[in-house]
1. Hey, can you grab everything whose amide H is under 5 Å from the amide H of residue 423? Only 5+ residues off in sequence or another chain; H modelled, so Pro and N-termini drop out.
2. For region 87-137, would you read off the P(r) tail past 13 Å as a percentage of all alpha carbon pairs?
3. Once you treat every alpha carbon in region 370-456 as an equal point and sum by Debye, what is log10 I(q)/I(0) at q = 0.16, 0.26 Å⁻¹?
4. Just the accessible area per residue of the chain, please: how many Å² with a 1.4 Å probe?
5. Just need the Rg to Rh number for region 300-345, please, alpha carbons only, Kirkwood Rh.
6. Only helical DSSP H runs with n ≥ 4 go in: add -39500 (n - 2.57) per run for the chain, normalise by residue count and round the 222 nm mean residue ellipticity to 500 deg cm²/dmol.
7. Taking only the alpha carbons of region 142-183, what extent do you get along each of the three principal axes, in Å, biggest first?
8. For a distance above 15 Å, tell me the whole-number percent of Cα pairs in region 8-106 that qualify.
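The values are calculated or read from the model by the stated rules, or taken from the named source; none is laboratory data. In this text the structure is predicted, and so the values were computed from the model without any measurement. Counting neighbours? That spans all protein chains shown, and the Cβs are built from the backbone with ideal geometry, glycine included. In case anyone asks, the SASA skips ligands and DNA or RNA and just uses the protein heavy atoms, side chains included. Shrake-Rupley method; radii C 1.70, N 1.55, O 1.52, S 1.80 Å.
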Amino acid sequence: MNLTTYTKEFRYNLKLAYPVILGMVGHTLVGLIDDIMVGKIGTAELAAVSLGNSFLFIAMSLGIGFSTAITPLVAEADGEGNIAKGKAAFKHGLFLCTLLGLSLFGVILLLKPLMYHMKQPPEVVELAIPYLEIVAFSLIPMIMFQAFKQFSDGLSQTKYAMWATLLANVINIALNYILIYGKLGFPKLGIVGAAIGTLISRIVMLLFIWLLLKSKKKFQPYVTQLNFAIIQKSVVNKIISLGVPSALQMFFEVAIFTAGIWLSGVLGSNAQAANQIALKLSSLTFMVGMGLSVAAMIRVGNQKGLQNFKELRRVAFSIFLLTIFIEIIFASIFVAFHNIFPDLFVNYNNIADLSNTIEVVKIASTLLLIAAVFQISDGVQVVVLGALRGLQDVKIPTVLIFISYWVVGFPISYYLGLHTDFKSSGVWLGLLAGLSVASILLFVRFNYITKKLINK
């Protein structure tokens, strides 16, 4: 096959992916905006948001990862033209996501005291506790929203979740401005105000997508007359069999970045604040990979329903190639602006905190150069993983991800970060190693499975 065999799919791939990308960028922007606004208060407050969100990210990874089980099941049913099967996947998925959201909220409250035993700066912990108590509650509407999102994605209707997320961002920005800084007669709440803004925006996001899908003719057979009194064990088991490994996949990846936050906290509040800046910017570009991953999941799931495995492989490879092109552009941007981006998160006018601010910017600039290098491997691993989920192959990829991040990546981060002069850069070199190994192993797995299916 020549190059045009794959590049001719770029337009449709982007058509599917761009609403998901904008929606995922929107999710990331909620946190990014919090960080920028909070960073103007002080570096300790920025580090506190980082520490609080490290708990939240782990819980969100489990919830979002679990919810991805809905998309390939709905996409396969859509390929088969089976509405009843797609409706069952959505109903049971929403039921399980609601239970999971409630459970994760409870677990975070129970684990909150761990902050005092993590060798984090005391002033950061004291600020992080009240922030986490409020923002943790937003997990419930957030994970319920994911059920609606993954369902609509499975029907190749990716724009509705985008609109809901963009609306949530507008609300979050407005509430942040009012509540963090105490505008329009409201008290100045600092990072607690950021938590309240996030919670309210996510509740609105859930209500908006529910009302929107109910109003659309295409979705009405799926989202109306849902009887949650009747739960089928077979459908629950199917979603769990796909959802639990998918949740663990995302957990293993998010957990190593969270471990990076904690390791940075051991190095000090400045290292932790710098880590948060680099992490937020990397997360923003990662959302493009996440969007393309969803496109891969949808298209591979459709072709699986049609049992057309040669076309499945061609379509998947077109998305892989598109991802590499885009990630090269991001890598170039990170290199070109690594000294400029950190300035967005700090306040040079705070003279009392100026020495800390300069150190934070210096560390973050170096971390962004490492982030530039792993743009390609990060994008490739998440998109190939999406294609494997579309094939409903989740168990072995979970093992491969664990090996990549926790057998290879974390030991490197721990040793270089805490036991060498690399410090923060060493933590991120471990992340680079883990992502690179993951991209290679997952691609080998996809290549093996699709060749095997075609030969059958």
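1. When sequence neighbours closer than 5 places are left aside, there are no close amide H contacts.
2. Values: 823 of 1275 pairs.
Tail fraction, whole percent: 65.
3. Log10 I(q)/I(0), no solvent term: -0.63, -1.17.
4. On the way: 17720 Å² over 456 residues.
Roughly 39 Å² per residue, with all protein chains present.
5. Working: Rg = 17.7 Å, Rh = 13.1 Å.
For region 300-345, the value is 1.35.
6. Numbers: 18 runs with 367 residues, N = 456.
Helices in the chain give a 222 nm mean residue ellipticity of -28000 deg cm²/dmol.
7. 43, 18, 6 Å, listed from the longest principal axis down.
8. Numbers: 3594 of 4851 pairs.
That tail contains 74 percent of the Cα-Cα pairs.
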